[in-house]
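The values are calculated or read from the model by the stated rules, or taken from the named source; none is laboratory data. What you see is a predicted model; the values in this text were computed from it and never measured. So basically every Cβ, Gly included, is an ideal-geometry build from the backbone, and we count neighbours across all protein chains shown.
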Amino acid sequence: MTGYKPPMQDMRFAMRDVLGFDEHYAGLPGGQDATPDVVDAILEEGAKFAREVLSPLNAIGDQQGCTWKDGEVTTPEGFRDAYQQFVDGGWPSMTQSEALGGQGLPESLGTVLSEMNGTANWSWSMYPGLSHGAMNTLAAHGTEAQQQAYLTRLVSGEWTGTMCLTESHCGTDLGLLKTRAEPNEDGSYAITGQKIFISAGEHDMADNIVHIVLARLPDAPKGTRGISLFIVPKFSLTDEGDVGVRNQVSCGSIEHKMGIHGNATCVLNFDGAKGFLIGPPNRGLNCMFTFMNTARIGTAIQGLAHTELAFQGSLAYARERLQMRSLSGDAAPDKAADPIIVHPDVRRMLLTQKALAEGGRMFIYRCAQLVDIAHQSSSEEARAAAEQELALLTPIAKAFLTETGFEAANLGLQVFGGHGYIKEWGMEQNVRDARISMIYEGTTGIQAIDLLGRKVLGSRGALLSAYTKQVHKFCRQYQDEPKLQRYIRPLAEANRQWGDITQRIGMAAIQDKEEAGAASVDYLMYSGYVVMAYFWAQAAVAAERKLEAGEGDAVFLRAKLFTARFYMERLLPRTSTLAITMSSGADNLMDLDEAHFAL
C-alpha cells in the first residue's frame, strides 16, 4: 500500500493563508513562542515521525492486532517502541501547561500533529489521543494534589489515560449506568462495575493507565443527575507518587472488531478498585463533557485522516493504473491503455476526496483555533464568542467529517476496483477503520439532535444567527469581485436558505417535537456542506490574492481554485436534496405502526 506523506503545502496554506495562524499565535497570550520558524520546525519533525515511524506500522497493526492473555494486552509489533520515541521526543507535553511540565505551546498546534499521526496510523494514535482528553479533564476539574500525582505523568507521556463510560446495557443513555462508588474510610472510593468498549483500556506501552470513570455514589439520585466522576489508576501510587501495587481493575477481554485492530478495545472489570472523586459529587457528567468535547474534535480528525489517506492512495493508483482509452482520444498513445485518471468518473471520485480532505482540514484547524481563543485569549468577549462558535461547529465537525470520511474511504476502494477489495492495497483496511468514527463519541444521530435541538433551537437561533451573519458579512465583502462570484454566490444562497429552513423546522417542532428529530441528521449534513463551502470560499479568496500578488506556487493555487469550483458546483448542491428531505416532515417516519415493521 502507498505510505502516508503529510501534505505539508496544503497544511501550511490552511494555517497561514486561510486562517492566519501566524498572526493568531502572535496575539495569543502564551502563543508568542510559536513563531513561524518554530512552527515549521515542529511540523517538519512531526511529519518525519508520522511518515517514517507510524505509517509503516499501520498495516502491521491491522494484520497482527492486539493479543489478550490472562488480563494482559500486548500491542502489535513496533507500537511500544514507537510510543517510546514519541515520549522521548517530548510530543505528549507540547501543548500542556509549563507548570505541569509541559511546553506551553498552543493547543491548535497539537491538533495539526494529531492529524498527521492519525492519518499515518489511526489505531496507534488513539493511545496518546485518549490521554489528551484525560489531561484536559484533570486540568479542568482535578484538585492540585490530583494534578501533581497524575497529570504530571500524563503530560510527560510516562502514563496514558482512558475514559470509561459505556456499560453493556447503556451506550449513549448514561443515565442507566450501574457502576457503584462506595466511600472508604481514607476518603477514597471502592469502584465496582464493568465498562465495555474502552479504547486503549489495557496495553503494554506505558507503566500506568489512568482511567477516568463514571460511577454512582450510594445516595445518588437516579438518571444523569446522579453520576460522579473518578480517577481509577491501573496501579495505585506509593507515598512518593510512583507506581505501586496493582489496583482491582482488570481487563476481562478485548473486542474482536471490524477495524482499528491495533488499538485494544477492552472490557474492564472494577472489583472494588480504589478511586478518587473528581469534581463535585453527582456532577460527573458535566465534568466528563470536558473529555467528550475533546474527543469529538479528535473523532472529527479521524474523519479527515481516512479521507486524506484514501485520497493519497487513490491518486497514486489512478496515475499508474492503465485501463481503456480516454473518450476524447489516446492520452498515452505509447502505452497499451490510458491511466484511469483521464476518465471523468475517476476524476469525480478523486476530486470529491480532495475537496473533502482539504475542506475538512480547514474546518478542523478553525475549530482548533477557536479552542486556543476560548482557553487563552485575554479578552472575555473573544473567549465567549469563540465558545459559542465552537459549540455550534463541534457536533457538525464530528458528524459531518466522519460521514464524509467514510464516503471518501469507500471511494478509495472504488478507484482501485477489484484491487481495492484486496488487503495488500490498504484501501479495505481504511474502510474498516473509518466505520467506527460515525459511532464514536455519540453517533451521527446524537450529534444531529445536539446541533438542532440543543445548540440551534435551544439557543432560540442565537448560535446559528451569529454564524450565518459572519458568513453573510464575508459574502458582502467580496460580492462585487467578478473572479470570486462562482464561489461567493452559491455560498450566499445556501447560507440564506440555512436560516429559512431552520425557522420552518423550529415552527414545526413547536407543534410536534418529533419534527426536530426527523429533520436532524439531514439538517446536520446540510449544515456541514454550508460550513465547508464557507472555508472553500475563504480558500479561493486567499488563492486569488496570492496569484494576483505573484506569490506562492501558481500550480498549487490554481488547483486550489479548481477544487473550490468543484466543491461549489458538485458537492454543495447536495444541500438541495437535503432541504427537501428534512422539510418533508415526521409523518413519513412516525406514522407506520411498529407492528407493521415485521415481515
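Restricting attention to segment 391-425 and to residues that are over 21 Å from the mean Cα position of the chain (by Cα) and of a type outside the set (A, V, I, L, M, F, W, C), the residue that is nearest to Leu451 (Cα to Cα) turns out to be Gln414. Of the helices (runs of 4 or more DSSP H) lying entirely inside segment 1-116, those carrying at least 2 residues that are of a type in the set (Gly, Ala, Ser) and not assigned by TED's automatic domain parsing to the domain that holds Ala357 are 36-49, 55-64. Of all residue pairs spaced 6 or more apart or on separate chains, those with beta-carbon atoms under 8 Å, a first member in segment 377-391 that is part of a helix (DSSP H, G or I) and a second member that is among the basic types (Lys, Arg) are Ala391/Lys455.
Give me a count of the residues in segment 92-137 that are buried (at least 21 other Cβ atoms within 10 Å of the Cβ) and touching a Gly at 6+ places or on another chain (Cβ under 8 Å). Here the count works out to 24.
Restricted to strands (runs of 3 or more DSSP E) entirely inside segment 161-268, those with at least 1 residues that are within 29 Å of the chain's Cα centre (by Cα) and buried (at least 18 other Cβ atoms within 10 Å of the Cβ) are 189-199, 208-215, 228-233, 249-254.
The condition (being of a type outside the set (Lys, Arg) and farther than 25 Å from Ala434 by Cα) is satisfied by just one residue among Leu268, Leu309, Leu285: Leu285.
Any chance segment 565-577 includes a residue that's more than 18 Å from Leu356 (Cα to Cα) and either in a helix (DSSP H, G or I) or modelled with pLDDT of 95 or more (or both)?
Our first condition is that a residue be more than 18 Å from Leu356 (Cα to Cα); within segment 565-577, this holds for 576-577.
With the extra rule that they be either in a helix (DSSP H, G or I) or modelled with pLDDT of 95 or more (or both), the set shrinks to 576-577.
Checking segment 565-577: at least one residue is more than 18 Å from Leu356 (Cα to Cα) and either in a helix (DSSP H, G or I) or modelled with pLDDT of 95 or more (or both).
What residue, of Ala374, Ala357, is part of a helix (DSSP H, G or I), touching an Asp or Glu at 6+ places or on another chain (Cβ under 9 Å), hydrophobic (A, V, I, L, M, F, W, C) and surrounded by fewer than 21 Cβ atoms within 10 Å (Cβ to Cβ)? First the steps, then the outcome.
Numbers: Ala357 fails: surrounded by fewer than 21 Cβ atoms within 10 Å (Cβ to Cβ).
Going through Ala374, Ala357 in turn, just one is part of a helix (DSSP H, G or I), touching an Asp or Glu at 6+ places or on another chain (Cβ under 9 Å), hydrophobic (A, V, I, L, M, F, W, C) and surrounded by fewer than 21 Cβ atoms within 10 Å (Cβ to Cβ): Ala374.
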